Amino acid sequence: MLLEAIARHARQTPARPAYQNRTQTLTYGELWRSASVLAARLRAGTGPVLICGEKEAGMPVCFLACLMAGRPWLPVDPQQPQERLLKIRSQADPAEVLCCGSHAAAAALRAVQAEPLFCKSEALAPAQFAADPGRDAYWMFTSGSTGAPKGVRIPLSALENFVEWMCGLPAVAACGTGVSVNQARFSFDLSVADLWPAFAMGGTVRALEPAEQADLPALYEALGSSGARRLVCTPSFARLCLCDTAFCRTLLPDLETVFFCGETLAPRTVKTLEKRFGGLHILNAYGPTEAACAVCAVEVQGREGPLPVGCAENAASRLLILDEGGAPLPDGAPGEIAIAGPSVGSGYIGGEAGGFGTLSGQKLYRTGDQGVLRDGLLWHLGRRDRQIKYKGYRIEPGEVEAAILGWDEARAAAVLPIRAGDEVRGLAAVVEWETAPLDLSECKARLRRTLPDYMLPRRWRAMERMPVNERGKCDLAALERMLKDE
């Protein structure tokens, strides 16, 4: 279904832009030709293909080639610490490692430069691709509670189910052939909502490069020249854009729809968008990496108070609320959010069970999120465990704590969210030191060797002795109260 749609666009509108970044434009004809050539090479092997890069035009070519060849792609961000990249490579054990663009990480990963593998052809290649819908389409790594990154396997059937669902949302379908702005890095599953629905509908993806997002004038210039009709992003990115009144209808006259996912959307963000962009459709979506990006969404413009995260009636898979024993709860009863049906992934790399299971013959994933279904709408009520969502990324505090506890100078450590209302604004590290506290710059430098920037605590607090609860464990609630009072 998905590959057939892209092949059709390549035949019927080969000159239409499929993907753009600041300096490159890739047409549908070029995308299909290049991917076909690479796919012919990849069919000789098996297993995942690790793809290192940022927003280079070669990235979607590599993804599409893997899809054609029947091999899962595994995107990694070259700016992540080398040690973390090597852990991912070790777990995934890819037969091929490709790199798009020039990145220092390529040498450590023993990557082959991807672009020279694309040879030009005057004619479109025939539509040849693996047909098994149960095969893995992509692998995506997230933060793991054991101190190591954790890989999720998503089958082609789940990816196609997601694309069909998203393209069926009226606010998305209305601007499907237009320009969709990609904010998320390709190592983050929100990017799935940028590329594949746009490619399925024959639209254009305008990818925002990291350098553009790091500089507000450059970001506004990129957005203003994009002709965007759809923006897919995290609430954190929207807050960044809204910090200047220049982000308004004058800058983006054609913007019709904003699709939010990845973290809590604040009502004030919605109200500000409504004020700046009259007539905007604002979708608040929900879904874990384990269930193909997102499984439900709901338009939230004009709403007051806390916002729902989806509508159960038109969800991509069945939404359930479960009690502690795993039994479904009735409407209005809070419990654990679970997803059953075609959205659910194939499990974790290495076979860890996690929240995966079955229900009445369907694949099931217990998310660990607290929620409630009320009048057909899903409401997110926080986490059952300590997992944190920050800037759309899923962070396990245990992974950061494990990194700190690897230092000889640290006796105990706790990592907690810094909150502003329901929003997470960063991480705080509380450390009980074996010796004199390390200098803050040294702490950050050490963590940068193993953790990406979004997992680095921005606030540090030294404790002579960690508080303990009645079970003799670190009293995290007491630490959170302490941080809140500071």
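The values are calculated or read from the model by the stated rules, or taken from the named source; none is laboratory data. Keep in mind it's a predicted model, so treat the numbers as computed, not measured. Please note: Cβ atoms are built from the backbone with ideal geometry, for glycine as well, and neighbour counts cover all protein chains shown. Note: accessible area is taken over every heavy atom of the protein model, side chains too, but ligands, DNA and RNA are not part of it. Shrake-Rupley method; radii C 1.70, N 1.55, O 1.52, S 1.80 Å.
If you take the residues of the range 405-422 that are at pLDDT below 90 and farther than 15 Å from L483 by Cβ, which of them is nearest to the chain's Cα centre (by Cα)?
That would be D422.
Each row is one residue, and each column tells you yes or no for (1) open to solvent by less than 10 Å² (accessible area, probe 1.4 Å); (2) aromatic (F, W, Y); (3) under 14 Å from W139 (Cβ atoms).
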| position | (1), (2), (3) |
| --- | --- |
| A44 | no, no, no |
| E56 | no, no, no |
| V61 | yes, no, no |
| C66 | yes, no, yes |
| R71 | yes, no, yes |
| L74 | yes, no, yes |
| P78 | no, no, no |
| Q82 | no, no, no |
| C100 | yes, no, no |
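Being part of a loop (DSSP other than H, G, I, E, B) and either within 24 Å of H281 (Cα to Cα) or of a type in the set (S, T, N, Q) (or both) is the filter here; which residues of the range 207-231 pass it?
Correct list: L208, S225, S226, G227.
Considering only residues that are modelled with pLDDT under 90 and among the charged types (D, E, K, R), which ones fall in the range 335-355?
E352
Which one of V172, V163 is buried (at least 24 other Cβ atoms within 10 Å of the Cβ), farther than 24 Å from C66 by Cα and in contact with a helix residue (DSSP H, G or I) (Cβ under 7 Å, 6 or more places away or on another chain)?
V172
Since R249 meets every condition but one in (1) in contact with a Cys (Cβ under 8 Å, 6 or more places away or on another chain); (2) surrounded by fewer than 18 Cβ atoms within 10 Å (Cβ to Cβ), which condition does it not meet?
(1)
Under 9 Å by Cβ, and 6 or more places apart or on different chains, what pairs join a residue from the range 284-297 that is under 10 Å from L378 (Cα atoms) with one that is of a type in the set (D, E)?
Y286/D369
Answer with yes or no whether A238 is farther than 26 Å from A294 by Cα, surrounded by 20 or more Cβ atoms within 10 Å (Cβ to Cβ), touching a helix residue (DSSP H, G or I) at 6+ places or on another chain (Cβ under 6 Å) and of a type in the set (A, V, I, L, M).
Spelling it out, it is not the case that A238 is farther than 26 Å from A294 by Cα, surrounded by 20 or more Cβ atoms within 10 Å (Cβ to Cβ), touching a helix residue (DSSP H, G or I) at 6+ places or on another chain (Cβ under 6 Å) and of a type in the set (A, V, I, L, M).
Can L329 be described as of a type in the set (A, V, I, L, M) and free of Cβ contacts under 8 Å to residues at least 12 places away in the same chain?
yes
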